[in-house]
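Worksheet: one structure, shown below.
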Amino acid sequence: RHVYVNGDYLPETEARVSIFDRGFLFADGVYEVTLVLDGRLVDFSGHMARLRRSLGELDMPFSLAEEKLLEIHRELIERNQISEGLVYLQVTRGVADRDFNFPLKSTPNTVVLFTQKKSIVDSPLAARGQHVVTFDDLRWRRCDIKTVQLLYPSMAKMQAKAQGADDAWLVKDGFITEGSSSNAYIVTTDGTVVTRDLSTDILQGITREAVLLCAGSLQLRVEERPFTVEESENAAEAFSTSASGLVSPVVSINDKPIGAGKPGSITAHLRQLYLERKRASAI
Ligand code: PMP
């Protein structure tokens, strides 16, 4: 596999980053994961807009133009022959002697990209539906910034797996915030799609935005508001969204079946419309 590091395309075994990189020492970095369908990028400009926002919130200088980033994404897709999968992009504040103070603004970023060849559309998990369990949301309070500081969601996911579930949904003050690496939704018994409103409590999912537009096109009622664990247990359907999981049904929460305990039909319609639209608009 070829990867990109600071201007060079290299075999992954030859790629090197300094031990003094602030991404390594302080998790002082941000990232994006963009879906590839049919060898083309889905919602590329949305991901780049969110990247700029994350960088801005962390006061991290970054000068690569979006056209250049697009060229690198496409070059890696080409070199690695990705027809379906993901492109990972990470930008850190660069290399500096270990110090809580940020280095000079002129310090070059570390920029790393790699691809993951993956079957995304044909997913066994999406076919059978995910079992999720809830955990206290112990992340920092700026979950709107897509930083590489992913230890807590990683731990929560491992604990979910240890309990025989597929993923963790995180809970703050009794309300679901989001999944370990996805946005969370329920469909109420009267057919309303509910997902938490945007704030510093959740990541502004690129898939979330697209799926809410799909829900509108399907004439579904949408409510962006917090919802409780209890409301989730009593929902007709539930699902999560992310670039890597698309629209992915959730069939139980804390061992309680949701609806019929099978992937729901509204979820299936949203997944189908989302895929249709994104295949048509990928670049
Ligand atoms: N929330 C969190 C915490 C995530 O890590 C992700 C995936 N990166 C998402 C939501 C979904 O975002 P997107 O739809 O842009 O992949």
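Across the options TYR4, GLY129, SER217, the greatest Cα extent toward the positive end of the charge dipole of the chain (unit charges at beta carbon of Lys, Arg, Asp, Glu) belongs to TYR4. Ordered by the count of other Cβ atoms within 10 Å of each Cβ, fewest first, HIS269, HIS2, HIS131, HIS73 give HIS269, HIS2, HIS131, HIS73.
Explain nothing, just the number: dipole magnitude of the chain about its Cα centre with +1 on each Lys and Arg Cβ and -1 on each Asp and Glu Cβ, in debye rounded to the nearest 20. Dipole about the Cα centre, nearest 20: 360 debye. Per-peptide packing, taken as the mean over residues of other Cβ atoms within 10 Å, places 53-64, 240-251 in the sequence 240-251, 53-64 from highest down.
Using the Cβ atoms and a cut-off under 13 Å, what net charge is assigned to the surroundings of LEU151, where Lys and Arg are +1 and Asp and Glu are -1?
+2
This ranking places PHE24, PHE239 by how few other beta-carbon atoms lie within 10 Å of each, fewest first, which gives PHE24, PHE239. Rounded to the nearest 20 debye, the dipole size of the range 2-117 about its Cα centre is 160 debye, using +1 on the Cβ of Lys and Arg and -1 on the Cβ of Asp and Glu. Listed peptides 116-124, 164-172, 260-268 appear in the order 164-172, 260-268, 116-124 once ranked by packing, highest mean of other Cβ atoms within 10 Å at the front. Residue by residue, the range 183-195 carries 3J(HN,Hα) couplings of 8, 10, 9, 10, 10, 6, 5, 9, x, 8, 8, 10, 9 Hz when phi is fed to the Karplus relation 6.51 cos²θ - 1.76 cosθ + 1.60 (θ = phi - 60°); x denotes Gly or Pro.
In plain terms, the bigger the Kirkwood radius, the slower the diffusion; for the chain, with that radius from Cα pairs, at 20 °C and 1.002 mPa s, Stokes-Einstein puts D at 109 µm²/s.
Of the residues TRP169, THR115, VAL194, the one whose Cα sits farthest toward the positive end of the charge dipole of the range 88-214, with +1 on the Cβ of Lys and Arg and -1 on the Cβ of Asp and Glu, is THR115.
Applying 1/(1 + (r/R0)^6) with R0 = 25 Å to the Cβ-Cβ distance of ARG52 and SER18 gives a FRET efficiency near 0.50. Partners of LYS118 within straight-line reach, counting lysines whose Cα lies under 25 Å from its Cα and excluding those fewer than 8 residues away in the same chain: LYS68, LYS146, LYS157, LYS161, LYS262, LYS278.
Positive contributions from Lys and Arg (+1) and negative ones from Asp and Glu (-1), summed over other residues with Cβ under 13 Å from the Cβ of GLY191, come out at -2.
Coordinate-derived values only; no laboratory data. All values reported here derive from a predicted model rather than from experimental measurement. Counting neighbours? That spans all protein chains shown, and the Cβs are built from the backbone with ideal geometry, glycine included.
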